[in-house]
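Note sheet for the following structure.
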Amino acid sequence: MPVLELDGRPASPAATVADVWGHRGVLLALARADFHARYKRASFGVLWSVAVPLIQAAVLAVVFSRVVRVGTGSDFGAYVMSGVLPWSYFSLTLGVGSTAIVDGSGLTDKVWFPRALLPVSPALANIVALIVSLVALVLATPLLGGQLGLQMLLLVPAAALLVAFTVALSLVAAALHVYFRDVRFMIQAALLMWFYVTPIFYPLKAVGRLRPFINANPMTGVIDLFHLATVGASDWQGPLLVSGAVTVVLVAIAVETYRRHDRLFADLL
């Protein structure tokens, strides 16, 4: 019979990734359970994941086009919607994923599996809601003055980058949360500020001298790619490179962190 030997010695990066892939069945089970638990007994089910961001997008579009008068174009509604929907996935997933290892300590005490599965599970569970949101975005874009053409295919790499960045950041934050329980509150505070420094409901031309700092925000490139797919965007290459580079760095940090500390987390939970 095969024997699983666990000790404090770090695994190799390749072994760490292979271990996570080898437990993909567990990951799918965790994501399925998370999905069913979230929408259990909800009459409209997964549609709430679209309805809430749509209401938020409508409020922001009205306020910033008619009251603050930041956006005045005919496609401003599509601009706001294509920013709010991916942000909703990001904030919801990161809020849950950043504390997933500590919150799932009761499960890890009963059976061993790579702890990295816990932060990835919410991201996978929310992909269904993200797909529904993207379908709603495609249908609503021409009604809101956006462009419906081949550029809409950019929603696929945009969604892939969004999921990759969210998963990478969730993995790093969840590992830190094991050692520093203040991470939960830091993420909550960061998301509040992060929303306003991301060009979701205002064009980059409106920020003036702050534009270099906004472009350095890794979520700017992600949101710009969604804007490019729906209403077009200018100067998106720089922010997109930042988003891609930060995602790669976070993935490398996550692999290194879990290969060194994954087997030690149980002593701190």
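In segment 116-269, how does Rg compare with the Kirkwood Rh, expressed as the Rg/Rh ratio over alpha carbon atoms?
1.01
Got a number for the accessible area of D235? Probe 1.4 Å, square angstrom, nearest 10.
Surface accessible to solvent at D235 totals approximately 100 Å².
Could you give me the ³J(HN,Hα) list for segment 140-146, computed from phi with Karplus coefficients 6.51, -1.76, 1.60 and θ = phi - 60°, whole Hz, x at Gly and Pro?
8, 4, x, 6, 9, x, x
I need the semi-axes of the equivalent ellipsoid of segment 199-246: take the C-alpha gyration tensor, multiply each eigenvalue by 5, square-root it, list largest first in whole angstrom.
14, 14, 8
Run the dipole for segment 143-269 about the Cα centre, Lys and Arg Cβ at +1, Asp and Glu Cβ at -1, nothing else charged, and hand back the magnitude in debye, nearest 20.
The calculated dipole for segment 143-269 is roughly 160 debye.
Using the alpha-carbon centroid of each, what span in Å lies between segment 211-225 and segment 149-185?
Each part reduced to its Cα centre gives a spacing of 14 Å.
How far apart, in nm, are the 7 Å Cα→Cβ label points at V132 and R209?
The two pseudo-label positions are separated by 4.6 nm.
So what J values fall out for segment 120-133 if you push phi through Karplus, 6.51 cos²θ - 1.76 cosθ + 1.60 with θ = phi - 60°, rounded to Hz, Gly and Pro as x?
For segment 120-133, the Karplus curve yields 6, 4, x, 5, 5, 5, 7, 5, 4, 5, 5, 5, 4, 5 Hz.
Can you order the peptides 79-88, 18-27, 192-201 by their average number of other Cβ atoms within 10 Å per residue, highest first?
79-88, 192-201, 18-27
Over 16 Å, how big is the tail of the calculated P(r) for segment 183-262, in percent of all Cα pairs?
Summing the P(r) tail past 16 Å for segment 183-262 gives 58 percent.
Taking 1 over the mean of 1/r across every pair of different Cα atoms in segment 87-134, what Kirkwood radius in Å do you get?
Averaging 1/r across every pair of different Cα atoms and inverting gives 11.4 Å.
Cβ neighbours within 10 Å, averaged per peptide: list 181-189, 165-173 in order, most packed at the top.
Ranked by mean Cβ neighbours within 10 Å, highest first: 165-173, 181-189.
Arrange the peptides 151-157, 238-244 so that the one whose residues have, on average, the most other Cβ atoms within 10 Å appears first.
238-244, 151-157
Can you work out the accessible area per residue across segment 122-247, with the rest of the protein chains kept in place, probe 1.4 Å, in square angstrom?
Using a 1.4 Å probe on heavy atoms only, each residue of segment 122-247 averages 46 Å².
The values are calculated or read from the model by the stated rules, or taken from the named source; none is laboratory data. Note that the coordinates shown come from a computational prediction; the quantities given were computed from them, not determined experimentally. Cβ: placed from backbone, ideal geometry, glycine included. Neighbour counts: every protein chain shown. With ligands, DNA and RNA removed, areas are computed over all heavy atoms of the protein, side chains included. Shrake-Rupley method; radii C 1.70, N 1.55, O 1.52, S 1.80 Å.
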